[in-house]
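See structure below.
The values are calculated or read from the model by the stated rules, or taken from the named source; none is laboratory data. On a predicted model such as this, the values are computed, not experimentally measured, just so you know. Glycine also receives a Cβ, built like all others from the backbone with ideal geometry; neighbour counts cover every protein chain displayed.
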Amino acid sequence: MDPIVDLDFIDSRTPEQAAAAPSCDTKITAETNTGKSRKLYIESYGCQMNFSDSEIVSSIMHEQGFDTTSTIENADVVFLNTCSIREKAETTVRNRLGQINYYKRKKPSMMIGVLGCMAERLKKSLLEEEKIVDLVVGPDAYRDLPNLINEVDGGHKAVNVLLSREETYADINPIRLNSNGVSAFISIMRGCDNMCSFCVVPFTRGRERSRDAHSIVREAEALVAQGYKEVTLLGQNVDSYKWESEDGTEQVNFAQLLEKVALLSPTLRVRFSTSHPKDITDEVLHTIKKYDNICKYIHLPAQSGNSRVLELMNRTYDRAWYLNRVDAIRSVLGDDCGISSDMIAGFCSETEEEHQDTLSLMDYVQYDYSYMFFYSERPGTLAARKLEDDIPLEVKKRRLAEIIEKQRECSLNRNKRDIGRIHRVLVENFSKKSDDFLSGRNDQNKVVIFPKKDYKKGDYVNVFVNDCSVGTLFGEAVE
Ligand code: SAM
Ligand code: SF4
């Protein structure tokens, strides 16, 4: 197994899977040339929500006279869309700002902006601490970018980190960045009201608000018209999506929204993330079952398998509740439904026995994969204020290694079940290793590699799976 000591998160997927659906990854803008006078380069860190926000930012900046570039040297404006979720994510951005200084010295007119969660968390202090930064913009203030850019053009530094209770950017048509032209993300809500004690998101992204259901459906419709085959509906807690029209005559919950999007086209695959164990309803499970094009795959982060730790985490469910939700998934959607999780090792005061409960929960659920982290205390969170971060780093890392090992075991078990069966695969790209092979995903979000023959990106292909590794299925296309 790979050494894990200097990473603060490990994701059990292969590089192909990570490329298909990155979690803690970095993305940069692609080249667009529509004749605009200035060039924008955005580097996005962290979650899919951030990648989706960068598409909104690109759209606002396009109106303002910017094309995007993938080459930092060519940029007039450089934005880092940042993540604060763990200390490591912030350190990475600080180091990156140091590297960007090199380009700014060569091109002093280059404007440097910090966007996203770090902007909101560190506010004005970022301008003081990082001298090369010209503007700092929080996740709810992107509409103000034109004014802020003007301020910087006028020789001033600019900040707007105001959080909003209403902003959903519903009317902004995102410019798809790094898109494979097959799958796209749609933000359906912003912020989070949950206050898990370890988590900085409610502070950096503000209160939860749901986006106008009609604007979501319109965005999905436009994607279908452009030839997209898959959309992922995004929110920190999609199950608490609730939208009401201004006159109060229309109300849409998450199950109803899923249905509206699924009905747009039978060949559009619909995915969603993230489901919260306390909120996922049987209505959602039955809606997933009802429509073949809603993927049978649920990201249901447990965080821990121990009820006392879950209470300290303020997750508002216990082990028994979580297992009941897993049983409900299995009884409505069957054993083939993919389930994945997020796990945190070494949360405040976690004992060895409590850590064992996480491993036994994993044994029970048999997750297809997980995103696994060791606990990183974040300033301002409930845990930072009320609990002692008392598990030594080497213990956190050892527990994380055990969780990763358990996940590898579960992933392999789950993948072996897929051998000898035909899977419907949506082709996303060539395989990383060879252009003679294609890479796509099955319903359960697993990467499947198979010989190309005459198939191409965007095709649905029936693949007979004959082999697997921990992170990938291998097979042959069948008619
Ligand atoms: N809203 C999602 C949920 O509740 O499941 C999670 C969103 S958060 C951006 C992604 C994951 O980061 C969390 O599920 C958690 O496992 C991890 N995470 C958040 N704060 C963390 C911290 N302080 N230390 C380590 N991992 C953390
Ligand atoms: Fe953070 Fe909890 Fe909200 Fe997820 S549900 S974003 S972990 S506060």
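Is it the case that F198 is within 16 Å of ligand 1 (Cβ to nearest atom), modelled with pLDDT under 95 and either in a loop (DSSP other than H, G, I, E, B) or farther than 21 Å from T381 by Cβ (or both)? Walk me through it before giving the result.
Numbers: within 16 Å of ligand 1 (Cβ to nearest atom): yes; modelled with pLDDT under 95: no; either in a loop (DSSP other than H, G, I, E, B) or farther than 21 Å from T381 by Cβ (or both): yes.
No; evaluated as a whole, the condition is false for this residue.
Give region 300-349 a look and list any residue that's within 16 Å of ligand 1 (Cβ to nearest atom), touching a strand residue (DSSP E or B) at 6+ places or on another chain (Cβ under 9 Å) and in a loop (DSSP other than H, G, I, E, B), or say none.
L300, P301, A302, S304, G305, M313, R315, G346, F347
Any idea which residue in region 101-115 is nearest to A384 (Cα to Cα), counting only those that are out of contact with any Leu (no Cβ under 8 Å at 6 or more places or on another chain) and in contact (Cβ under 8 Å) with a residue 24 or more places away in the chain?
Restricting attention to region 101-115, the residues satisfying the condition of being out of contact with any Leu (no Cβ under 8 Å at 6 or more places or on another chain) are 101-110.
Still in the running and in contact (Cβ under 8 Å) with a residue 24 or more places away in the chain: 101, 103-104, 106-107, 109-110.
On the way: N101: 32, Y103: 37, K104: 36, K106: 41, K107: 41, S109: 40, M110: 37 Å.
The extreme case among them is N101.
Go through region 242-274 and count every residue that is more than 18 Å from D292 (Cβ to Cβ) and part of a strand (DSSP E or B).
7
Looking at region 64-93, I want the residues that are touching a residue at least 12 places away in the same chain (Cβ under 8 Å) and buried (at least 23 other Cβ atoms within 10 Å of the Cβ) and have a partner that is of a type in the set (D, E, K, R) and in a loop (DSSP other than H, G, I, E, B) with Cβ atoms under 6 Å, at least 6 apart or on another chain. Which pairs are those?
From region 64-93, the pairs are F66/K36; T69/E31.
Taking the options K229, K278, K290, K242, name whichever one is more than 30 Å from S360 (Cα to Cα) and within 16 Å of ligand 2 (Cβ to nearest atom). Steps first, please.
On the way: K229 fails: within 16 Å of ligand 2 (Cβ to nearest atom); K278 fails: more than 30 Å from S360 (Cα to Cα); K290 fails: within 16 Å of ligand 2 (Cβ to nearest atom).
Only one candidate qualifies: K242.
Please go through region 180-199 and pick out each residue that is more than 14 Å from the chain's Cα centre (by Cα) and closer than 13 Å to L163 by Cβ. Step through it out loud before you land on a result.
Pass one, region 180-199, residues more than 14 Å from the chain's Cα centre (by Cα): 180-182, 192-199.
Residues satisfying the conditions are C192, D193.
Q236 passes all but one of (1) away from ligand 2 (no atom under 16 Å from the Cβ); (2) crowded, with 17+ Cβ neighbours inside 10 Å; which number fails?
(1)
Just one of V427, V470 is hydrophobic (A, V, I, L, M, F, W, C) and either in contact with a Gly (Cβ under 7 Å, 6 or more places away or on another chain) or assigned to a strand (DSSP E or B) (or both); which is it? Don't jump to the end; show me each part of the working.
Working: V470 fails: either in contact with a Gly (Cβ under 7 Å, 6 or more places away or on another chain) or assigned to a strand (DSSP E or B) (or both).
Criteria check complete, one pass: V427.
Limited to region 293-332, what total is found for residues that are surrounded by fewer than 17 Cβ atoms within 10 Å (Cβ to Cβ) and within 13 Å of ligand 2 (Cβ to nearest atom)?
Of the residues in that region, 2 qualify.
Tell me which residues, restricted to region 188-233, are out of contact with any strand residue (DSSP E or B) (no Cβ under 7 Å at 6 or more places or on another chain), crowded, with 20+ Cβ neighbours inside 10 Å and β-branched (V, I, T).
Within region 188-233, V200, V201, T204 qualify.
Only one residue in R207, R211, R176 is within 16 Å of ligand 2 (Cβ to nearest atom) and under 30 Å from L122 (Cβ atoms), so which one is that?
Working: R211 fails: within 16 Å of ligand 2 (Cβ to nearest atom); R176 fails: within 16 Å of ligand 2 (Cβ to nearest atom).
Result: R207 is the single residue among R207, R211, R176 that is within 16 Å of ligand 2 (Cβ to nearest atom) and under 30 Å from L122 (Cβ atoms).
Quick one: S215 ticks every box in (1) more than 16 Å from ligand 1 (Cβ to nearest atom); (2) free of Cβ contacts under 8 Å to residues at least 12 places away in the same chain except a single one, so which number is it?
(2)
Quick one: count up the residues across region 33-63 that are crowded, with 19+ Cβ neighbours inside 10 Å and assigned to a loop (DSSP other than H, G, I, E, B).
Going through region 33-63 one residue at a time, the tally reaches 1.
In region 385-415, what residues are within 16 Å of ligand 2 (Cβ to nearest atom) and closer than 15 Å to G346 by Cβ? Give the steps one after another, and end with the answer.
Keep residues of region 385-415 that are within 16 Å of ligand 2 (Cβ to nearest atom), which gives 385-387.
Passing the criteria: only L387.
Residue-by-condition table, conditions (1) modelled with pLDDT under 95; (2) within 16 Å of ligand 1 (Cβ to nearest atom):
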| site | (1), (2) |
| --- | --- |
| M1 | yes, no |
| I10 | yes, yes |
| T32 | yes, no |
| V77 | no, no |
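Considering only residues that are in a strand (DSSP E or B) and over 24 Å from N194 (Cα atoms), look in region 224-241 and name the one that is nearest to ligand 1 (Cβ to nearest atom).
Going residue by residue through region 224-241, those that are in a strand (DSSP E or B) are 230-234.
Subsequent filtering for residues that are over 24 Å from N194 (Cα atoms) retains 230-231.
Values: E230: 21, V231: 19 Å.
My answer is V231.
For region 78-161, list the helices (runs of 4 or more DSSP H) that sit wholly inside it and hold at least 3 residues that are of a type in the set (S, T, N, Q); which are they?
On the way: elements: 87-106, 117-129, 145-153.
Once the helices (runs of 4 or more DSSP H) in region 78-161 are filtered for at least 3 residues that are of a type in the set (S, T, N, Q), what remains is 87-106.
Looking only at region 431-458, which residues are part of a strand (DSSP E or B), touching a residue at least 24 places away in the same chain (Cβ under 8 Å) and either within 24 Å of the chain's Cα centre (by Cα) or surrounded by fewer than 21 Cβ atoms within 10 Å (Cβ to Cβ) (or both)?
Hits for region 431-458 are S439, R441, V447, V448, I449, P451.
Within region 299-348, how many residues are over 21 Å from Q407 (Cα atoms) and among the aromatic types (F, W, Y)?
Looking only at that region, the number is 2.
Scan region 246-263 and give yes if some residue there is within 16 Å of ligand 2 (Cβ to nearest atom) and either crowded, with 21+ Cβ neighbours inside 10 Å or of a type in the set (D, E, K, R) (or both), otherwise no. Step through it out loud before you land on a result.
Within region 246-263, the first condition is being within 16 Å of ligand 2 (Cβ to nearest atom), and the residues that meet it are 254.
Imposing the further condition that a residue be either crowded, with 21+ Cβ neighbours inside 10 Å or of a type in the set (D, E, K, R) (or both) reduces the set to 254.
Yes, region 246-263 contains at least one residue that is within 16 Å of ligand 2 (Cβ to nearest atom) and either crowded, with 21+ Cβ neighbours inside 10 Å or of a type in the set (D, E, K, R) (or both).
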